[in-house]
Structure formats: C-alpha cells, structure tokens
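Visitor: Below: one structure in structure tokens.
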Amino acid sequence: MRSEVRDSRDVIFMAEALELARRGCFTTRPNPAVGCLIVREDLVVGRGFHRIAGGPHAEVEALEEAGGQAQGATVYVTLEPCSHVGKTAACAPALVAAGVGRVVYAIADPNPAARGGGLWLGKAGIPTTAGVLSRAARELNRGFFKRYEMGSPWVTLKLASSLDGRTALASGQSRWITGSAARADVRRLRAGVGAVVTGSGTVLADNPRLSLRGGAGTGSGPEPLRVVLDSLARCPPDSRVFSPPAESLLVTAAEADVRRHEDAGIPVVRVARGRGGLDLREVLVLLARREINELLVEAGPQLAGSFVREGLVDEWWLYLAPRLLGPDARPLVDLPRLNVLEDASAWRTVELRRVGADFRLVLRPVRETR
C-alpha cells in the first residue's frame, strides 16, 4: 500500500540520493544512473549508487553498507527497485529480505522487464511512496526514459559558431572558432552519451576523431559509438572516425558500395533514404535498438538543419565565440526559407554560461500544438 510523502525529509533525502546517482552518469550506460540512501532515525546508515552496467545496483550497495541497521529503516531510491533477475539479482526481494520498514522511490521504472518492484514491496507488507522528486529523477535519466517510452534516444545537437552565426570560413577552415575550455567542455558532453553522430561532409572536410581524447575527467566510462551518416559511402575507410579503439558504425543507403569499408572491418548498416539524405527517424530507431539512450549530433549545417527541420532535436548546445566571420562564411544550420515569422523554429533558453572566453547556450525546442 502506498503512503503519502510524510514531510520535507522525504524530499531532502531523495535529493541526496539523486546526487549519489549522478556519480554513475558516465559509467552505467545503457543502464540508468541510480542512487540509494538507507535512513534510520534521520541518520544515513547506508549509501550506494549504480557504478557500472553489470555491477551491483544502488540498493545492494546501500544494504551492504547498512548491514543490520537496514532492518526497520527507510530506503530512498531514485528509481523503482527492480523485480527481475538480469545480470544481477532483483533489488525488491533483497529489500524485503533485509526487513526494511519503508521504501520511497522517485519514479517508476519504464523498462517492462524490470518494473513492478513497488507492487512486490507492497504485497510483502512494506509501505511505499512513489513520486518524490520524480521530475528531477526523469531528467537525470532522460535518454533511458525516452528510449523505452518512444523508441528513440534523447538527441542533443552541438554546434559552435561566431557571433554572426557562422561555423567556418568559406574555405572550410574552422579550427578553432572556440577556445580550449569550450573544446574540453564538448569532450565532457561526449563522455555522457552512448553515440556521436556526424555526416560525411564533416568527415571529408575535417577528418575528426570524435573521441574523448584521453579522457574528460569523468571516470572510466566507455567511449561513445561513432556513427557516420554517409548515403554514398564516400568517407575513406582510413578516416580517423573509424579508427580504434572506439567503436564506429557506417550508416548508408541500400545502393552504396561499401566493399572497401567491409574489407577494413568497419560495421555497416543500411537504412532507407529520407528527405535530402538518409531517413533520420529510422536511424534513431536503429540506435535505440542498440540500447543508445543519449545521442550527440556533431555535424555540419546540412545534417544539423535536417535534425532541426524534422523536429528531432531535444536539446541544443550552442557555443558562441566572441568573433565575427563575415557574410561569406558558412552558416550555422541549413533551413528552408520562411515567408512568415510565425513559422520560425522557437527555442527556450535552459542555461547560459561562460566557458573560458566563449559562451554556452543550452536550448530546448518550444513544441507548440497547432
């Protein structure tokens, strides 16, 4: 039987559990980041967080630290305790076996194979409370929730431009518009995603590696999968984006000749064509099936514009450098001409922060129902 939030202590302890969960954000994918506190007489007697996929869950770590003090205590966990046996044992039965007195969780698990722990606890006679700081808990694992609920990863678009909205000179030269602090910030952004997507134009022009380049100060998380969208398979197999140790994937059209890439051992997937290139929605479904929760798009104006035009961007990280490149330089995104202002794509500012000599804007689309 579910009880109501008792007092502000539920919020305070859940907030601390969420802070614990954030310590696993770079290392748990494709699993969610989860934190757990065990509290007895307003004192924390056990702490735990999910550290790595396949490793102990947050509840198990917290129970181990609490020991016998878990009996009769209140458990605060940022995601509904799992009720199934996967790579690790189920957490809900472990809480029952420990004799805890009450369980508070922030949000129900969207994974149909794992959900139901709250019901399990209730049937065992342990009072449960759900929904404490649920919005923050969802935001923490936004890609995990989107993948299960919508069959698509959370899509973040990253672009860097001058103040006049230019990304490169007419010659294609773009290194470096932003400073070293902004570039380090981008590597940290990459470290938190399961895959980075770019287009053939960017690979041919810049030959990027799209790696963490020796780490980003985020722990021992894996390098993201590097995905190249190349409908004609123009990118040479020796492009740096395909080089190990990070994994890569070439996504191309049915008619493309990929013999050179297959001979080089590069994984290849074919998808249908879409407007102006590959079908981006099919690409997102493909990546979700590969358990990609968070996707970062680092591309030129054409591919970036396609993601924006099709309404596929959930968040936009825009780095602005305090310099001007002039009217002949390359534009930020390639979008169709508008006849009326009401048709303009609208975005709301989530964050504005200075990063070294540059500025970082974090934006989310204003999705209106018309």
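The values are calculated or read from the model by the stated rules, or taken from the named source; none is laboratory data. Bear in mind the structure is a predicted one, so any value in this text is a computation, not a measurement. Every residue, glycine among them, receives a Cβ derived from its backbone with ideal geometry; neighbour counts consider all protein chains shown. Side chains included, ligands, DNA and RNA excluded: accessible areas come from the protein's heavy atoms. Shrake-Rupley method; radii C 1.70, N 1.55, O 1.52, S 1.80 Å.
Visitor: Taking 8 Å as the Cα distance limit and 6 or more residues as the minimum spacing, I'd like the relative contact order of the stretch 215-370 as a percentage.
Guide: With pairs under 8 Å counted, the relative contact order is 15 percent.
Visitor: Sticking with this structure for a sec: Positive end of the charge dipole of the chain (Lys, Arg +1 and Asp, Glu -1 on Cβ, about the Cα centre): tell me which of 267, 100, 278 has its Cα farthest that way.
Guide: Positive-most Cα among the choices belongs to 278.
Visitor: Defining a contact as two alpha carbons under 8 Å apart and six or more residues distant in sequence, what relative contact order in percent does the chain show?
Guide: Numbers: 805 pairs, mean separation 58.2, N = 370.
So the answer I get is 16 percent.
Visitor: Next question, about the same structure. Non-local amide H neighbours of residue 195 (under 5 Å, H modeled in plane, Pro and chain starts lacking H): which ones?
Guide: It is 225, 294, 296, by chain and number.
Visitor: Right, another one. When you take every Cα atom in the chain, what is the radius of gyration, and what is Dmax, the widest Cα pair distance, in Å?
Guide: Looking at the chain, its Cα Rg and Dmax stand at 23.0, 70 Å.
Visitor: While we're here: Given springs between every Cα pair under 10 Å in a Gaussian network model of the chain, which of 51, 147, 234 has the largest fluctuation?
Guide: Fluctuation is largest for 234.
Visitor: What figure, in Å² to the nearest 10, do you get for the accessible area of residue 119 with a 1.4 Å probe and non-protein molecules left out?
Guide: Roughly 110 Å² of residue 119 is accessible to a 1.4 Å probe.
Visitor: Something else: Among 118, 145, 156, which residue has its Cα positioned farthest towards the positive end of the charge dipole of the stretch 45-167, with +1 placed on the Cβ of Lys and Arg, -1 on the Cβ of Asp and Glu, and the dipole taken about the Cα centre?
Guide: 156
Visitor: In terms of solvent-accessible area of protein heavy atoms at a 1.4 angstrom probe, what is the ranking of 74, 129, highest value first? Before the final figure, lay out the partial values.
Guide: Values: 74 25, 129 0 Å².
Descending order: 74, 129.
Visitor: How much mean residue ellipticity at 222 nm does the chain get from its helices, if each DSSP H run of length 4 or more adds -39500 (n - 2.57) and you divide by all residues, to the nearest 500 deg cm²/dmol?
Guide: -7500 deg cm²/dmol
Visitor: Set the Förster radius R0 to 41 Å, insert the Cβ-Cβ distance between residue 364 and residue 257 as r into 1/(1 + (r/R0)^6), and round the FRET efficiency to 0.05. Walk me through the numbers before you get to the answer.
Guide: Numbers: r = 40 Å, r/R0 = 0.97.
FRET efficiency, residue 364 to residue 257: 0.55.
Visitor: Another question about this same structure. Kindly sort 80, 247 by accessible area of their heavy atoms, largest first, with the probe set to 1.4 Å.
Guide: 247, 80
Visitor: Would you mind putting 157-168, 315-326 in packing order, based on average other-beta-carbon counts within 10 Å, highest first? The partial results should precede the final answer.
Guide: Numbers: 157-168: 19.5, 315-326: 17.4.
In decreasing order of mean packing, 157-168, 315-326 become 157-168, 315-326.
Visitor: Just read off the accessible area of residue 350 with the full protein assembly in place, 1.4 Å probe, to the nearest 10 Å².
Guide: Using a 1.4 Å probe on the heavy atoms, I get roughly 70 Å².
Visitor: Mind listing the long-range amide H neighbours of residue 160? Cut-off is under 5 Å, sequence gap 5 or more, other chains count too, H placed in the peptide plane at 1.01 Å from N.
Guide: 319
Visitor: Along the principal axes of its C-alpha atoms, what lengths does the stretch 88-156 span, in descending order and rounded to whole Å?
Guide: Taking the Cα atoms of the stretch 88-156, the three principal extents are 42, 24, 17 Å.
Visitor: Averaged per residue, what accessible area in Å² does the chain show with a 1.4 Å probe, protein chains only? Write out the running numbers ahead of the final one.
Guide: Values: 17750 Å² over 370 residues.
It amounts to 48 Å² per residue over the chain.
Visitor: Shifting gears a bit: At 1.4 Å probe size, with the rest of the protein present, what percent of the exposed accessible area of the chain is carbon and sulfur atoms?
Guide: Numbers: 9160 of 17750 Å².
It is 52 percent, rounded to a whole number.
Visitor: Can you sort 340, 268 by 1.4 Å-probe accessible area, starting with the largest? Could you put the intermediate results ahead of the total?
Guide: Details: 340 70, 268 40 Å².
Ranked list, largest accessible area first: 340, 268.
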